[in-house]
Amino acid sequence: MNLRVLPSRRVAASTLLLVVVLAGCSGGFGALGDPAAETTSPDDSSAGANASDSAAALPESATTFSTSDGTLSVHFIHVGQGTSVLVVGPTGETLLYDTGNWNDDGEHVLNYLREHDVSRIDYLVTSHADADHVGGHAEVIDYYETEADGVGAIYDPGIAAASRTYEAYLDAVERHDVTLYRTQAGDSIPMAGASVRVLAPPEGYLADRDRNENSLVLRVARGNASVLLTGDAERRAEEYLTGRYDHALNATVLAAGHHGSNTSTGPALLKETTPRAVVVQSAYDSPYGHPHREVLGRLAERAIPTYWTGVHGTVVFETDGERVAVRTQRDAPTDPLELRTAPRVEPSADGPLERRATFSVGGDPVEPSDSATVPSPTVAPDGGTKTTSASGSLTVATVHADARGDEDANLNDEYVVLRNAGDRTLDLSGWTVADEAGHTYAFPDGTTLAAGETLTLRTGSGRDGGDYYWNAGRPVWNNAGDTVFVRTDEGRLVLEVEYDG
């Protein structure tokens with residue numbers, strides 16, 4: 001472990017000038033705590049104390065979470081359109097991952113921490129520098145350094161932002177002389193009784209130092225239970241995670257990336273993490289439409305119970321390493337497709353956190369394949385419609401994303417080919433095809449696809465018939481990789497296929 005302290009505590013807008021470099025380092029961090037007993041891989045969720053050493057039952061009441069009761073609790077605090085997650089370890093140590101949006105100056109986070117008697121933040125983690133993630137950093141640091149028991153250390157991926165919110169955070173770090181670590185994949189945070197591993201970003205960063213793609217990703221575990229916190233990680237970061245960790249990326253609870261944006265929480269990540277529950281942090285009236293219907297469709301296809309702070313309020317997962325209890329401020333559906341039927345919950349809402357569900361860590365989640373078997377009526381020989389449903393299997397045969405020459409002038413050379421791999425004709429009337437950005441094409445009435453046949457949908461202009469034409473006016477499919485979504489005329493997701501550039 002090689003630590004390097006640079007002389008200045010000031011962090012410029014373009015780069016961190018004070019860092020403690022932790023490249024390739026695991027275990028403890030000197031004065032911050034005792035070294036971890038050993039280096040573990042991301043799939044090793046053993047903690048400092050075995051799950052069998054914890055209380056025989058998960059606690060029924062939830063008046064305070066700062067006491068050491070042998071359980072690990074993870075609190076997704078409802079802060080509106082922002083992110084803040086409080087982790088309380090089995091011995092009472094605390095980790096705060098982000099502090100909400102810039103427009104409330106940390107009010108929602110501080111109110112929650114004070115309400116639950118959190119007197120110290122042992123580890124303050126910055127997922128990345130965006131203002132909806134560091135909005136309360138300055139206020140949290142000021143409060144805990146002047147009116148409470150302090151902030152132990154801060155962990156930051158090291159890519160700064162030129163915003164007043166981020167500058168205020170850095171000013172608070174300097175004002176109170178709080179240790180600041182630049183953190184990357186391979187590091188760990190020494191929370192007693194739990195495993196806290198940093199899975200991303202890698203050394204050298206991803207995607208030309210894009211802040212979202214270089215979010216600090218944490219895997220927090222006790223016993224066989226784990227929670228994956230992904231910040232605003234998007235496609236490139238998820239590709240890195242699934243490529244590097246593969247089947248070792250399992251997580252009991254997954255935080256949906258980027259507030260439930262359709263640029264995150266992709267099929268590959270869901271396949272490797274196989275979560276038992278997913279939680280989305282965003283405002284009910286998110287100006288960005290979070291959570292996006294594409295993400296909710298993916299979760300519904302896998303039958304994953306989903307909690308959204310916009311309708312559940314603050315969501316808490318407690319675990320002894322083998323079982324998980326879920327608490328929320330409000331009772332609301334967990335079927336992803338029913339979330340928007342529930343009434344909104346304001347970030348300032350009060351009320352007890354009541355237990356809504358309990359489940360064991362083990363279990364087999366439902367996963368869809370790359371083809372979708374869908375019910376569809378078939379045309380009878382007499383011209384009528386059969387009342388029984390027949391099955392057709394729709395697949396994506398080809399995505400030709402990179403049109404020859406000038407793409408804007410050759411849109412008809414950008415296309416997707418759908419194939420009916422089943423044994424019955426599919427009626428595609430009103431069905432839609434969409435990309436990750438939400439561009440959508442609807443097939444006209446009377447569109448059918450016979451068994452074994454293909455259908456080509458071109459981005460440009462023409463007369464529907466042999467081929468179909470999007471009339472998009474500009475390229476749709478991302479040359480560097482995208483996802484094809486197909487839905488029925490009722491909006492049910494029946495096909496989702498990712499492709500790489």
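Some points to look at:
- Per DSSP, loop trypsin sites (Lys or Arg not before Pro) in segment 393-501 with at most 11 further Cβ within 10 Å: Arg404, Arg463
- Remark: segment 255-349 carries 31 Å² of accessible area per residue (probe radius 1.4 Å; ligands, DNA and RNA excluded).
- Simple Cβ-charge dipole of segment 108-231, Lys/Arg +1 and Asp/Glu -1, about Cα centre, in debye nearest 20: 480 debye
- Per atom type, segment 278-352 shows carbon and sulfur on 50% of its accessible surface, probed at 1.4 Å.
- Segment 249-315 has equivalent-ellipsoid semi-axes of 18, 13, 10 Å, by the square roots of 5 times the alpha carbon gyration tensor eigenvalues, sorted largest first.
- Considering only Gly152, Ala129, Thr71, and ranking their Cα positions along the charge dipole of segment 63-183 that arises from unit charges at the beta-carbon of Lys, Arg, Asp and Glu, the one farthest toward the positive end is Thr71.
- Mean-position separation - Cα centroids, segment 433-459 and segment 204-257, in angstrom: 33 Å
- The chymotrypsin sites (Phe, Trp or Tyr not before Pro) of segment 268-341 meeting both criteria, a DSSP state outside H, G, I, E and B (loop) and at most 15 other C-beta atoms within 10 angstrom of the site's C-beta, are Tyr288.
- Backbone geometry of segment 224-241 corresponds, through the Karplus equation with coefficients 6.51, -1.76 and 1.60 at θ = phi - 60°, to 3J(HN,Hα) couplings of 9, 9, 8, 10, 9, 9, 10, x, 9, 4, 10, 3, 5, 5, 5, 4, 4, 4 Hz, x marking Gly and Pro.
- Here is the list for segment 403-481: GluC sites (Glu not before Pro) lying in DSSP coil, each with at most 14 other C-beta atoms within 10 angstrom of its C-beta, are Glu453.
- Whole-Å distance, taken between Cα centres, linking segment 161-201 and segment 269-324: 25 Å
- Rolling a 1.4 angstrom probe over segment 140-223 with all protein chains present gives an accessible area of which 38% lies on carbon and sulfur atoms.
The values are calculated or read from the model by the stated rules, or taken from the named source; none is laboratory data. This one's a predicted model, so the numbers in the text were calculated from it and none came from an experiment. Virtual Cβ from ideal backbone geometry, glycine too; neighbours counted across all protein chains shown. With ligands, DNA and RNA removed, areas are computed over all heavy atoms of the protein, side chains included. Shrake-Rupley method; radii C 1.70, N 1.55, O 1.52, S 1.80 Å.
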